[in-house]
Structures are given as C-alpha cells and as structure tokens.
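One structure is given here, and the rest of the page talks about it.
The values are calculated or read from the model by the stated rules, or taken from the named source; none is laboratory data. Just so you know, these numbers come straight off a predicted model, no measurement behind them. Glycine also receives a Cβ, built like all others from the backbone with ideal geometry; neighbour counts cover every protein chain displayed.
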Amino acid sequence: MWPRPGNGARRGRTCSRAGGAPNLNYAEFTISIPPGHRTGEIEWPGTAPDPATSFVTVRQTSLDEATFRKKVGRRAAQGNRDVGVFVHGYNYNFQEALFRLAQLSADTQPDTVPVLFAWPSEAAVTGYVADKDAVTYSRDYLAHVLSTLAGERSVRDVMVAGHSMGAWLTMETLRQLRLQGRDGVLEGLHVILAAPDIDVDVFRTQVSAIGPMSPPLTILVSKDDWALTVSSRLSGGRDRVGRLDVADPRVQEVARRADLRVIDISTLSASDPFNQDRFVTFAAMYSTVVTDGSRGDPLRQAGAYVFNAAGTVLSTPFNLAGRALAGE
C-alpha cells in the first residue's frame, strides 16, 4: 500500500488539497524536502524557513475542480497511475497534515499522486467533540472527492489512508458509497485505517454495510495507543478499534470471517508521546517489504498479523494463535 522511495524523495513534492467549508476548496502545494531529510521525520521550519534544512511550502495555487481533476490525471499518467489520499486525524492543523502527506510521499513512492483531504479540525486537544462533528459534516465531501478520483481515466487505483478520527470519516464515507449503490467507486479503492478512533460496535455495523473489499480493508492497531485510551474514556469506556488485541483468537476469527487485515504495529517506534504516529514508520518499512521481489507482499489475505520491527516480517494468524495458546 505504501510504495518504495525513489529519487523524488529529495526533490520538491507537489500535493493537492481538497477540503474545507462550506464548499470544497481545491489547491496545489509544492513542498520542498531538505537534502538531509530523515525517513519518518518532518523537519519543521523555524522563524526563517530554509529549504536546506526544513520542509518549506514554496508554491501554492488555488484551483477549481476541473483543474484539480486535470492535474491529478496528468500526474497519474506520468507516474504509476495511482493516487494516495491522506485523511488526517483529530487535533491536526492544516500545515501539519500537509507536511505529513509530503513526508509520506517522499518516504514511500513519489510516483503516486499525493492528495490531502483536509477536513476542518479545531487543531486543539480540547476540540474532540467539535472535531467529531466536523468529520460527520465532511462525509459528503470526501465521497465526492473519491468519486472524482475514481472517475479519472488516467487513475488506476486510489489508496486511502485514514488516521485516527480520519479513519472514522473514511469508514462512514465507504458505508455511504455502498448504500448509495456506488460500487464502482469502491472497487478502485485500497483502504488502510491507522489507529482508527472508532467504537468497536459501530465498526461492526460499518463493516457489515460495506461488505468485503479487494484488497481487504487493512487496520493498523497498537494496544498502547494512549490517545485512543483517552478517546475511550471520553466515550464512556467504549473500546476503540485501534486498540484491538490481535492475539485474541476472537479478533483473528472476525478478521478472517469479515475479510479484514488487522496488523499489530506496537513494536514500531513512535515519535509522539501518545504512540499515535507509528503508521508513519510502518509505511516506510512496509513499502520496502512489498517492493522486494524476493518476498513479495506478505499480506495477500485477510487475518490478524504482527509486524516485526526487527526483521520487517509478519507473523501469520496461525503462528499468533499457536503462541497465544502456548501462553507466550
């Protein structure tokens, strides 16, 4: 899902944005990545931004929808014909979301067209309820953007990565597309949910409505995600999907039955104190795994897995079950 780095990782990257209120706003941004960029990091600019040492927005252009679609189609035709849509999470300001997308693009596959769907977050820890309302409001807009991208002839696949509360927005949008009979849009989507801030019971109903996807819907979880622990408390103690325990045989069975790929990334490093951004490390490491011709993609089927940071290998659901039964 996250392709391999290329020479473009050291060049300026162009990102397209869709989001906002009351109507969709479109813009194109060119982000300069510093020569000494470290994988997984955002080198934040200081008071005097310097492209030699930090991420810098070097150009911004407002677009209308027709121009946005044309630019995405042209870029897709020049690259690998894939588009990557990043749906940011709770407490993200726009610059953070924009630079995170640029970082993911630089560290994975520059040939994929990066698109940011920026919903109007309060960008404040105290704005949880307001952000939940904002993502609910944004469902129609994300559905419109995904439909637009799926309808572009130059685009082969649309890879959607929803993080935290952005994962809830992603799932609600997929559910809406299915209930509206827009199956053609869903057929071209590859979806990954990173640390999804979704009530477990709500998720079951969403999955039931959406049905199986190909490739399977991928969920990145961590048992020690403290941000989701706080979210659970704010929600009256309700379990969040992003904290599922893949060693639980019930989770493994549900994953196989519902055609889901649940991946525990708890062993990966996190740069934030809440352990919410491990998906950034996973993206870079997994892109290396799937583009290694000797190994191929180890996640071709549904199930529950553990990502081994030391060897970048994935345990099979059967090995997991065996270790759990043995008390390991």
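Some notes on this structure:
- Residue pairs whose Cβ atoms lie under 8 Å apart, sitting 6 or more positions apart in sequence or on different chains, and linking a residue in the range 251-272 that is within 17 Å of Val191 (Cβ to Cβ) to a partner that is among the hydroxyl-bearing types (Ser, Thr, Tyr) and in a helix (DSSP H, G or I), are Ile265/Thr281.
- Across the range 41-67, the qualifying residues are those that are aliphatic (A, V, I, L, M) and in a loop (DSSP other than H, G, I, E, B), and the one among them that is surrounded by the most Cβ atoms within 10 Å (Cβ to Cβ) is Ile42.
- Test result for Thr229, within 18 Å of the chain's Cα centre (by Cα) and either modelled with pLDDT of 90 or more or more than 14 Å from Trp168 (Cβ to Cβ) (or both): no
- Here Ala302 clears all of (1) surrounded by 19 or more Cβ atoms within 10 Å (Cβ to Cβ); (2) modelled with pLDDT of 70 or more; (3) in contact with a strand residue (DSSP E or B) (Cβ under 7 Å, 6 or more places away or on another chain); (4) closer than 16 Å to Lys223 by Cβ except the condition numbered (4).
- Residues satisfying the stated conditions in the range 208-226, i.e. closer than 30 Å to Gln180 by Cβ, among the small types (Gly, Ala, Ser) and at pLDDT below 90: Ser214
- Of the criteria (1) of a type in the set (S, T, N, Q); (2) surrounded by fewer than 20 Cβ atoms within 10 Å (Cβ to Cβ); (3) at pLDDT below 95; (4) over 23 Å from Thr67 (Cβ atoms), which one Gln176 fails: (3)
- Out of Arg4, Arg17, Arg11, Arg81, sole residue that is closer than 20 Å to Thr281 by Cβ, modelled with pLDDT under 95 and either of a type outside the set (A, V, I, L, M) or in contact with a Phe, Trp or Tyr (Cβ under 9 Å, 6 or more places away or on another chain) (or both): Arg4
- Put simply, of Ala143, Ala106 the only residue that is assigned to a helix (DSSP H, G or I), under 17 Å from the mean Cα position of the chain (by Cα) and under 22 Å from Phe203 (Cβ atoms) is Ala143.
- As for the range 146-157, it holds at least one residue that is assigned to a helix (DSSP H, G or I) and buried (at least 24 other Cβ atoms within 10 Å of the Cβ).
- Candidates are the residues of the range 116-132 that are modelled with pLDDT under 85, over 21 Å from Ile31 (Cβ atoms) and of a type in the set (Gly, Ala, Ser); the one that is surrounded by the most Cβ atoms within 10 Å (Cβ to Cβ) is Gly127.
- Among the residues making up the range 68-101, those that are in contact with a Lys or Arg (Cβ under 8 Å, 6 or more places away or on another chain) and either farther than 27 Å from Lys132 by Cβ or part of a strand (DSSP E or B) (or both) are Gly73, Ala76, Asn80, Arg81, Asp82, Phe86.
One line per residue, one yes/no per condition, for (1) over 19 Å from the mean Cα position of the chain (by Cα); (2) at pLDDT 70 or above:
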residue: Arg256; (1), (2): yes, yes
residue: Phe274; (1), (2): no, no
residue: Asp277; (1), (2): no, yes
residue: Asn308; (1), (2): yes, no
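- Applying the condition of being part of a loop (DSSP other than H, G, I, E, B) and of a type in the set (A, V, I, L, M, F, W, C) to the range 187-229 and asking which residue is surrounded by the fewest Cβ atoms within 10 Å (Cβ to Cβ) yields Met213.
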